[in-house]
Amino acid sequence: MTVRVKIGEVAKQTGLAVGAIRYYESLGLLTSARGSNGYRYYPPDTVHQIQFIKKAQAIGFSLEEIGEVLNLHDKGDIPCGLVQSLLQEKIDQLGRQIKQMTEFKTELEDYRDHWALSQPQPQPGDICPLIETVSLNQ
């Protein structure tokens with residue numbers, strides 16, 4: 001006889017809301033079987049799977065990416081290669097975002113410094129003469 005766990009017990013053991021568990025199941029991240037009473041029953045490793053999902057989310061993986069990892073695992077493959085590839089994509093993306101944010105910060109500092117020196121005067125219809133000096137063709 002296989003031990004199966006009700007959704008409320010899974011929620012209690014993981015700290016995850018029942019609705020979140022149902023959502024994970026709707027995405028295919030978890031599986032359950034319905035009892036004759038209509039209750040969802042989960043395999044004993046569900047708590048471990050949810051902990052894995054939470055850990056993967058904590059380091060930036062999307063639920064879709066986690067699904068890919070779990071699918072590989074379910075097929076009997078070790079998904080560490082995929083995990084490393086996805087992680088490298090995240091690192092590269094963060095590098096691009098940091099570069100963009102650094103450039104934007106420099107641009108804002110340039111505006112601040114320019115405005116401090118030039119003190120633009122309001123023209124008729126201006127809301128704020130400082131912002132009115134900003135070019136939209138950047």
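For the reader, a short list of remarks on this structure follows.
Results for (1) outside the structural domain of I7 (by TED's automatic domain parsing); (2) in contact with a strand residue (DSSP E or B) (Cβ under 7 Å, 6 or more places away or on another chain), shown as yes or no for each residue.
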{"site": "Y24", "(1), (2)": "no, no"}
{"site": "L27", "(1), (2)": "no, no"}
{"site": "T31", "(1), (2)": "no, no"}
{"site": "Y39", "(1), (2)": "no, yes"}
{"site": "Y42", "(1), (2)": "no, yes"}
{"site": "H48", "(1), (2)": "no, no"}
{"site": "K54", "(1), (2)": "no, no"}
{"site": "N71", "(1), (2)": "no, no"}
{"site": "Q84", "(1), (2)": "yes, no"}
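- Criterion (farther than 22 Å from L30 by Cα and of a type in the set (G, A, S)) met by exactly one of A58, A116: A116
- Residues within the stretch 1-58 that are among the charged types (D, E, K, R), touching a residue at least 40 places away in the same chain (Cβ under 8 Å) and within 30 Å of K90 (Cβ to Cβ), tallied: 1
- Lone unmet requirement of (1) exposed (fewer than 13 other Cβ atoms within 10 Å of the Cβ); (2) in a loop (DSSP other than H, G, I, E, B); (3) modelled with pLDDT of 95 or more; (4) not small (G, A, S) for F61: (1)
- Of the residues making up the stretch 1-55, those that are over 20 Å from V69 (Cβ atoms), surrounded by fewer than 13 Cβ atoms within 10 Å (Cβ to Cβ) and within 24 Å of the chain's Cα centre (by Cα) number 3.
- Residue pairs whose Cβ atoms lie under 8 Å apart, sitting 6 or more positions apart in sequence or on different chains, and linking a residue in the stretch 87-115 that is touching a residue at least 12 places away in the same chain (Cβ under 8 Å) to a partner that is assigned to a helix (DSSP H, G or I), are Y111/L130; W115/L130.
The values are calculated or read from the model by the stated rules, or taken from the named source; none is laboratory data. Source: prediction; values computed, not measured. Here the Cβ is made from the backbone with ideal geometry for all residues, glycine too, and neighbour counts use every protein chain on show.
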